[in-house]
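Below is one structure, written out as structure tokens; comments come after it.
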Amino acid sequence: MPSASAAAAAPAPVQSLPPLNPSGLTSPPAAADLPAAIEALRRQRKAVILAHYYQEPEIQDIADVIGDSLELSRRAAATDAEVILFCGVHFMAETAKILNPGRTVLVPDLAAGCSLADGCPADAFAAFRAQHPDHYVVSYINCSAAVKAQSDLICTSSNAVALVRQLPEDRPILFAPDANLGRWVARLTGRALTLWPGSCIVHETFSEQALLQLQLEHPEAEVIAHPECQPHLLDLADFIGSTSKLLERVQSSPAPSFIVLTEPGILHQMHLRAPHKTLLAVPGSDGCSCNACPYMRLNTLEKVWHALATLEPAIELEEELRLRALVPIQRMLAMSA
Ligand code: 13P
Ligand code: SF4
């Protein structure tokens, strides 16, 4: 099995940041002027703006890089920007900070959590691991630094199947914190995974009835789903993959329309890259719009402006924890290179 490279020592903190709020403004400009004001601040701060596909379209439109969790981790690992503004949720920015201890890593809203990360507290996870001392621990990137630090290997929805296939066949595997992703990985790899019982509140809400109705109305449509969805919905899908793989599928498949089982933020890039295709989002189980991630949607352009203007809120991590969490992330990057 490949081993992680030696944990990197923390470089010296960046010294060259301009004073607080170089724009001179004390409050954000009018909404119409925000994109230009953010671009000016981004240049002054020598910042890179990374955005997940689940962000609001207006945030995706001002980002330097839009990607899934794996692509954004890779870009965070490779950046030479002085400031990383991560438009996503906390665990994503924390991963960027683990990889970049000497850079300032900002988030628009510190409260942007994740039901998977929040549902897997480090102490309960330690107790779970203790019940399975011989298991190799594979954790989905949607977890805290304290859980990463207890893991042998990190994965994302893009590389989970490929990584598990590389693990020795005689070694039992503990998979956390997304049980739906774990069940899908187990099915594709033929490995019996011991699962932490976590789930994504967004991907748990899709209505099977609404999906079946859409299939009846659009028999020509391909059903595409994120592996965080429940197994009975994945059974109805023609194609399963991470957000970036779903985006590629919409571009490459000959189907004229798609029924999409993931957070609807992804529809923006799908519309931009395949404008002639019809996209149908599956609603939540009671017709609600709860298929939109409430954490991702905490981020706004005003908060992006504020973060670049004030260099807050910034992610901070205790160095000993960072170094332990870095090892399984580096192992993932090495194994999925
Ligand atoms: P990916 O970015 O791996 O597609 O995962 C989606 C997700 O839920 C991120 O929180
Ligand atoms: Fe977490 Fe689900 Fe939101 Fe992704 S969509 S950040 S897994 S709650």
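Coordinate-derived values only; no laboratory data. As the structure is a computational prediction, the values presented were derived from the model and not from experiment. Counting neighbours? That spans all protein chains shown, and the Cβs are built from the backbone with ideal geometry, glycine included.
Some points to look at:
- If you filter the stretch 64-85 down to residues that are free of Cβ contacts under 8 Å to residues at least 40 places away in the same chain and either assigned to a helix (DSSP H, G or I) or within 16 Å of ligand 2 (Cβ to nearest atom) (or both), you find that the one that is surrounded by the most Cβ atoms within 10 Å (Cβ to Cβ) is LEU72.
- When LEU308 is tested against (1) touching a residue at least 60 places away in the same chain (Cβ under 8 Å); (2) under 19 Å from the mean Cα position of the chain (by Cα); (3) farther than 30 Å from PRO168 by Cα, exactly one condition is not met: (2).
- Among the residues making up the stretch 317-337, those that are surrounded by fewer than 16 Cβ atoms within 10 Å (Cβ to Cβ) and in contact (Cβ under 8 Å) with a residue 12 or more places away in the chain are GLU319, ALA334.
- Filtered by the rule that a residue be more than 16 Å from ligand 2 (Cβ to nearest atom), touching a residue at least 60 places away in the same chain (Cβ under 8 Å) and in a loop (DSSP other than H, G, I, E, B), the stretch 102-149 gives GLY102, ARG103, HIS132, ALA149.
- Taking first residues from the stretch 258-273 that are in contact (Cβ under 8 Å) with a residue 40 or more places away in the chain and partners that are outside any strand (DSSP E or B) and of a type in the set (S, T, N, Q), the Cβ contacts under 6 Å between residues at least 6 apart in sequence or on separate chains come to GLY265/GLN55; ILE266/THR243; HIS268/GLN60.
- Residue ranges of helices (runs of 4 or more DSSP H) in the stretch 188-267 with at least 3 members in contact with a Leu (Cβ under 8 Å, 6 or more places away or on another chain) and over 18 Å from ALA162 (Cα atoms): 208-217
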